[in-house]
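Presented below is the structure to which this report refers.
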Amino acid sequence: MTSAVDIARDVRAGARSARDVVETHLSAVAGREAELHAFNLVLADEARAGADEIDRRVAAGEDPGPLAGVPVALKDNLCTRGIPTTCSSRILEGWRPPYDATVVARVRAAGAVVVGKTNMDEFAMGSSTENSAFGPTRNPHDPSRVPGGSSGGSAAAVAAGFASLALGSDTGGSIRQPAALCGVVGVKPTYGLVSRYGLVAFASSLDQVGPFAGSVADAALLLDVIAGHDPADSTSVPRPAPSCSAVLGDGVEGLRIGVVRELLEGIDPEVAARVSAAAAALDAAGAKVEEVGVPATTLALSAYYVLATAEASSNLARYDGARYGLRVAGDDVTAMYGATRAAGFGAEVKRRIMLGTYALSAGYYDAYYGQAQRARTLIIRAFDVAYASYDLLLAPVTPTTAFPLGAKTADPLTMYLSDVCTIPSNLAGHPAISVPYGLGAGGLPIGVQILAPALAETTMFRAAAALERSLA
Amino acid sequence: MTATTATEWEMVVGLEVHCELATATKLFCACRNAFGDEPNTNVCPVCLGLPGSLPVLNRHAVELAMRVGLALHSSVEPSLFHRKNYFYPDMPKDYQVSQYDEPLNVGGWLDLPDGSRVGVTRAHMEEDTGKTTHVGGGGGRIHGADHSLVDYNRAGVPLVEIVSEPDIRSSEQAKAYVNELRAILVAIGASDARMEEGSLRIDANVSLRRPGAEAFGTRAEIKNLNSVRSLGRALEYEVRRQAGRLEAGEPVVQETRHWNEDEGRTSSMRSKEEAYDYRYFPEPDLVPLAPSDEWLAGVRAALPVLPADRRVALAAAAGVAGTDPAVATVVHLGLDDLVLAAVAAGAGGRLALNRAANELAHGAVPDAAAFAGVLRMEGDGRLTATQAKAVLAELVASGGDPEAIAKAKGFEALDGGVVAAAVDAAIAAAPEEWARFVAGEAKVAGFFVGKVMAATAGKADGKAVTALLRERMADR
Ligand SMILES: [Zn+2]
């Protein structure tokens, strides 16, 4: 598998055609997509035309940009102008956004070739991509198993070589968890580092767009393209983002890294063993690694399922049949709303809308939403304390390796526990990266997670690159 | 129920006024904020609430909202936007971005021309909804309509909602409050405040209590008040309705009521139990709004003098009470600078106020020096009131010099002897009326004034004629 860094370098230099690159990836799609179902929509014709345009520009002496000719897959909750954007939900049936998400515009402007829209849990609600209205995605390493979720399609697309890079969104672990289960790199940037404009919202205060890649360097390349201020997103950090690609070789000499004790509890031994191995590797590379307690992280899961569902109940109200997407007729407007939403949303989405509506209701607000906000504050404070003594934190990404399809669909709470190690970073708004670090039983990938304080992506990438080198 | 019933109850009213801000663009997007354009032409992904779109706060809207707050003597404070969640087709996102427990403008008051003061609870920012037209059946309401059309041009237009304290005690005071508020909003450039275009909309909270009682009664909220006149009528109706219930021993129900202008009555829309649970929570797509001290100071410095302060200054200069109706009229007409200039140039304050209020209410405004000149001539007795008004009308229509106009109209003051001779002739010609006047029938003076006016072709000064009549009576 050729890296995105190499593809872009070769295409810019005229050493390889973008068309050749895209054909290689499209033939991979032709080979396994029917089995894996990573995509809701493959944009083969558009990808070929886009690649030809890149080649024409290179021939004309232009520089198409840092992602020249790199095939990129987009999670289907990123708006693409004139191209269906479904969030893997029936309720958005037939809807074509009139605009590109900021991140989509940025990867296009950087010369990337969009190869398709990837499958996901409906509205990004889930941890296995089994909550898609269009059927599940399967794990390229073992098609009887899930790829993780909610960005399972993006993770599988990169793991299967369907795309060199992919974009996903991470609200509670939806990039890092599938990246770990599919054996690719996944990054959840600092909240506000990457524009959310055009990302269909699940939980606005937690959602963040980020890269999937086959290597740490490829992830840095894509993050450098999508990061940076966007005036269309009021929560966007109003200053330039530093380059992560530039620091990959800087090493970890002198960095203080804490292994989060609470996040190792209840973790499968084979996963915990890889975290220990990663800690040892970083220590050997010159970092000072030791165990640290961040007690409030144990509050994260319950706080998350109040806050995320509360925001979702409001964000998803607009899917009412009045303006776009699915409409199921009713005798009056209220009946139309009910019929449309009953038919358009899947069970997990309905469950979360009801949970969130309840959490915000008069008389319950303070006990649920208010309490969860206070827990969120405690988690942020706990991280602040930890980061006073450590530059980075180390943790598992997921409690287990990829689980079989259907294993957790009957019990939502068990499914929710898949995100126990990833949710704290979303609540704090901090960056975190999932780096593949070996295999478990059955050859299934295991990832380790590096957590960093807000806007410390460069430090995080130094450690991720060092970890990756330690495997070589 | 009788008319006297209502007077045994005290009306307690608080008003919620929604005011569209006069920005060029909407609150959270770059779409035009304009009334009367083709439906759904001023729309974009943001104000249509399309998936993935995000709001960006319009700085000018915040500035206008701050002006409103400062004009109402509110404290401008760091604030938050919240989402108000409810389903309705004219709300693209099925939530409205509004302010809840941390509004931009907190507290304040409004001084009315009659000298009363109405407290302001808050003036917060929010986005307007689209406009729904219900077609067929249902009498223009959603229930029973065949279908409904929505125009999203108005969706996302910036609003300020000004909530008064329950300080209003009469329909007249309520109307005066709205008129004063409109004058302020226009004066500070915050809004065109046109009720007929919906840029100013009123909800009224009404309850009754016995005079002297401290506790408030149960209130009803009245919606769909589309003019100041409707407000007055609806309050009068609601007072009679609530008084009728209370006197019959029935409680007033806390509910929202709809004013029907054609029927002249309110009807129940929804009860407290049916009230929406709006599930307010902080809007995560926007950051907290905390205007800097510099920004606030700049807005404050640019604020024009407000109507209440102009009334105080005008009344002081004219030497009349602040509550004098002519003072309010002159300020409302924007003629206070003209009157102040005339007074400074030696015109009488009362005369200047009255002439401005009554003679200049329509049409053009005369040159300040000329206006002062006419008033001085009238004050000196060189022009009668009738003549002065005629000269003023000519000044307004064509301009010119008042002396020259008076001369051209033949308004030169008559020789005192001519008037005296005419008075004597009139007395001699009507001994019977003279006897009645002497006997104390003062109104007969008008008869003699008329005769003298006729004899002098209207050039005599009525007051001078009356004075001469008194002189003759004393000299008898
Ligand atoms: Zn717009």
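Bear in mind these aren't lab numbers, they're just calculated from the coordinates by the rules spelled out. Note that the structure is predicted; figures quoted are calculated from it, not measured. Cβ: placed from backbone, ideal geometry, glycine included. Neighbour counts: every protein chain shown.
Remarks
- Cα-based radius of gyration of the protein assembly as shown once divided by 2.2 N^0.38 Å, which approximates compact folds: 1.28
- Karplus-based coupling profile of segment B:125-135, in residue order and whole Hz: 8, 6, 9, 7, 8, x, 10, 9, 10, 9, 9, with θ = phi - 60° in 6.51 cos²θ - 1.76 cosθ + 1.60 and x standing for Gly or Pro.
- Here segment B:257-336 is treated with +1 on each Lys and Arg Cβ and -1 on each Asp and Glu Cβ, and its dipole about the Cα centre works out to around 260 debye.
- Acute angle (nearest 10 degrees) that the helix B:462-475 long axis makes with the longest principal axis of chain B, alpha-carbon atoms: 40
- Estimated FRET transfer efficiency (residue B:263, residue B:116; beta-carbon r; R0 25 Å; 0.05): 0.20
- Overall form of segment B:4-154 per C-alpha gyration tensor (a/c, 1.5; a/b vs b/c): oblate
- Computed about its Cα centre, the charge dipole of segment A:1-45 is approximately 200 debye, with only Lys, Arg, Asp and Glu carrying charge at their Cβ.
- Spatially proximal aspartates and glutamates relative to residue B:409 (Cα-Cα < 12 Å; intrachain offsets below 8 disregarded): B:394
- Segment A:82-96 - phi-based ³J(HN,Hα) in whole Hz, Karplus 6.51/-1.76/1.60, Gly and Pro as x: x, 10, x, 10, 9, 6, 6, 10, 5, 5, 9, 3, x, 7, 10
- Gyration tensor verdict on segment B:416-475 (Cα atoms; rounded if a/c is under 1.5, prolate if a/b is larger than b/c, oblate otherwise): prolate
- Above-threshold pairs, the threshold being 22 Å between Cα atoms, out of A:350/B:84; B:26/B:93; A:350/B:131: A:350/B:131
- Each stretch of four or more DSSP H residues adds -39500 (n - 2.57); spread over every residue of chain A, this sum gives -12000 deg cm²/dmol at 222 nm.
- Between the residues B:427, A:185, B:260, the greatest Cα displacement towards the positive end of the dipole of the protein assembly as shown, with unit charges on the Cβ of Lys, Arg, Asp and Glu, is found for B:427.
- Hits among aspartates and glutamates - C-alpha to C-alpha of residue A:188 under 16 Å, sequence gap 8 or more where chains match: A:170, A:207, A:218, A:224, A:419, A:457
- Straight-distance crosslink candidates among lysines, where the alpha carbon sits under 17 Å from residue B:407 and sequence neighbours closer than 8 are dropped: B:389, B:459
- Think of it as helices only: each DSSP H run of n ≥ 4 in chain B is worth -39500 (n - 2.57), and spread over all residues that comes to -12000 deg cm²/dmol at 222 nm.
- Principal-axis tilt of helix B:368-379 within chain B, Cα atoms, nearest 10 degrees: 40
- Whole-Å distance, taken between Cα centres, linking segment A:109-123 and segment B:282-306: 41
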